[in-house]
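Asks: Just dropping this structure here.
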């Protein structure tokens, strides 16, 4: 599972590194969060198609999914690009899917937190609704929990422990060091980090961010330039039980 792809540096890093990582770690399925791919704000249909062609199996998103209006028509037709499942009923697209991974099937669920974010439907109750549907098809279920508050990510990890294979946090763009397999067999990390420019402030040109903090004046955010890295986790799961046996952080310079 790969953290938020940010801007052109993130897109280039993913294109260069994902095929190599899949081979090196014998990856069966790659889930990539792409909601910041277009200059840090949203994703376009050509970008989404490119990510799938480069080795991503499922694309997840979050609060920036609607920033590019052209994605609405695409997400209705292409169910491999998910939007958070706890958006209100009638929102275009879907928030979960089951896909093939070799001889096995894997369920992927995209959720979004509500603390310091858009007040959408409850992600915990939505998980209660969807996880049993996915588990009817497969014991292997991966959750992208897109949150601002670390506490909300942790709460979801404990809430779903033993019911899903992994709860992986995205959105904050800073990789945390708390990866572990919870007692019930669910792999967990609060945030996998960002795939994008290293010399930045969560992907944005650091000088622009410093100007914003120092002046408190509005500034147009632009992706930083320079070296990039891919952040993510590799999760090992028993395909028969759905229990995780290992989760390892990745930080791979491009």
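The values are calculated or read from the model by the stated rules, or taken from the named source; none is laboratory data. Because the structure is predicted, anything quoted here is derived from the model rather than measured. We place every Cβ from the backbone using ideal geometry, glycine too, and count neighbours over all the protein chains shown.
Asks: Scan segment 60-73 and tell me whether some residue there is within 23 Å of residue 16 (Cα to Cα) and buried (at least 24 other Cβ atoms within 10 Å of the Cβ). Steps first, please.
Replies: We begin by selecting, within segment 60-73, every residue within 23 Å of residue 16 (Cα to Cα); these are 60-61.
The next check asks that each one be buried (at least 24 other Cβ atoms within 10 Å of the Cβ); those that pass are 60-61.
Yes: segment 60-73 contains one or more residues that are within 23 Å of residue 16 (Cα to Cα) and buried (at least 24 other Cβ atoms within 10 Å of the Cβ).
Asks: Let me confirm something: among 160, 133, which residue is at pLDDT 95 or above, more than 24 Å from residue 67 (Cα to Cα) and buried (at least 24 other Cβ atoms within 10 Å of the Cβ)?
Replies: On the way: 133 fails: buried (at least 24 other Cβ atoms within 10 Å of the Cβ).
Going through 160, 133 in turn, just one is at pLDDT 95 or above, more than 24 Å from residue 67 (Cα to Cα) and buried (at least 24 other Cβ atoms within 10 Å of the Cβ): 160.
Asks: Can you pull out the residues in segment 224-252 that are surrounded by 13 or more Cβ atoms within 10 Å (Cβ to Cβ) and over 22 Å from residue 21 (Cβ atoms)?
Replies: Listed by number, the residues that qualify are 224, 225, 242, 243.
Asks: Then there's this: Quick one: which strands (runs of 3 or more DSSP E) lie wholly within segment 153-254 and hold at least 3 residues that are out of contact with any helix residue (DSSP H, G or I) (no Cβ under 6 Å at 6 or more places or on another chain)?
Replies: Strands (runs of 3 or more DSSP E) meeting the threshold: 166-170, 228-237, 244-253.
Asks: Does segment 136-144 contain any residue that is within 20 Å of residue 187 (Cβ to Cβ), assigned to a helix (DSSP H, G or I), at pLDDT 95 or above and over 16 Å from the mean Cα position of the chain (by Cα)?
Replies: No: zero hits.
Asks: Only residues that are part of a loop (DSSP other than H, G, I, E, B) and under 30 Å from residue 238 (Cβ atoms): list them for segment 79-114, please.
Replies: Matches in segment 79-114: 79, 80, 82, 83, 84, 85, 86, 94, 95, 102, 103, 113.
Asks: Of the conditions (1) surrounded by fewer than 24 Cβ atoms within 10 Å (Cβ to Cβ); (2) within 12 Å of residue 113 (Cβ to Cβ); (3) touching a strand residue (DSSP E or B) at 6+ places or on another chain (Cβ under 8 Å), residue 153 satisfies every one except a single condition; which number is it?
Replies: Of (1) surrounded by fewer than 24 Cβ atoms within 10 Å (Cβ to Cβ); (2) within 12 Å of residue 113 (Cβ to Cβ); (3) touching a strand residue (DSSP E or B) at 6+ places or on another chain (Cβ under 8 Å), only one is false for residue 153: (1).
Asks: Out of segment 106-120, which residues are surrounded by fewer than 17 Cβ atoms within 10 Å (Cβ to Cβ) and either modelled with pLDDT of 95 or more or under 18 Å from residue 241 (Cβ atoms) (or both)? Please lay out each step first, then the result.
Replies: Within segment 106-120, the subset surrounded by fewer than 17 Cβ atoms within 10 Å (Cβ to Cβ) is 115-116, 118-119.
Across segment 106-120, the qualifying residues are 115, 116.
Asks: Please work out which residue is surrounded by the fewest Cβ atoms within 10 Å (Cβ to Cβ), limiting yourself to segment 79-89 and to residues that are modelled with pLDDT of 95 or more and more than 14 Å from residue 48 (Cβ to Cβ).
Replies: 88
Asks: Check residue 76 against each of (1) surrounded by fewer than 24 Cβ atoms within 10 Å (Cβ to Cβ); (2) in contact with a helix residue (DSSP H, G or I) (Cβ under 9 Å, 6 or more places away or on another chain); (3) over 29 Å from residue 236 (Cα atoms) and name the one condition it does not meet.
Replies: The number of the failed condition is (2).
Asks: When you go through (1) surrounded by 17 or more Cβ atoms within 10 Å (Cβ to Cβ); (2) within 23 Å of residue 166 (Cα to Cα); (3) free of Cβ contacts under 8 Å to residues at least 40 places away in the same chain one by one for residue 56, which number turns out not to apply?
Replies: (3)
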